[in-house]
Amino acid sequence: MFDGAALVAELDERRVASNLGWPEVAGELTAQSAGLRAEINDHAVCPGALVRTVRRGSMSCQYALMLLQWLGRSPEDFLTGPRREVGPARLPDVDIDARLRWDLPQLHAAVDEERRRRGLTWTALAADIGCTPSRLTNLRTARLADMDLTMRLTQWLGRPAAEFVHPARW
């Protein structure tokens with residue numbers, strides 16, 4: 001459902017059009033939250049990890065946000081196949097003193113509420129979504145999840161990803 005390869009292709013297209021190498025792209029991604037990174041003594045985006053993500057085409061939901069922010073795009077722009085219209089899907093604006101983060105416990109709570117409303121077990125929902133039940137229940141305490149799963153869930157809920165993405169300042 002989430003086409004990580006399409007996101008990566010657009011990232012590479014912009015990189016080439018901007019005449020940037022992968023280290024320069026990593027530098028620009030790092031600069032997006034430079035103030036926060038300095039405050040919490042966080043490391044820079046690794047060009048090698050960026051290239052591995054590009055080769056793989058799949059990524060964590062948190063990593064994808066950094067790429068989407070640089071491109072000025074929403075996650076819904078990279079959905080394939082049938083999709084639900086969710087209304088305005090623009091990600092929040094964020095300055096260099098914060099970074100965009102998925103609130104996975106908030107997503108879990110929304111999924112759990114809707115699951116109960118529909119009278120589904122975690123096992124039945126997992127079968128509908130195409131994953132294991134533990135991948136769903138683990139969202140309650142997770143810091144990371146793959147982007148495809150988070151987008152499958154927001155589509156199942158019929159809500160934009162932006163409802164579950166917030167600027168984080170730590």
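Could you compute the net charge surrounding G81? Neighbours are other residues with a C-beta less than 13 Å from the C-beta of G81; K and R count +1, D and E count -1. Every neighbour counted, the sum reads 0. For the range 53-76 versus the range 25-50, the spacing of their alpha-carbon centroids is 15 Å.
Here, each number is a calculation from the coordinates, and none is a lab measurement. No experiment lies behind these values; they were computed from the predicted model shown. We place every Cβ from the backbone using ideal geometry, glycine too, and count neighbours over all the protein chains shown.
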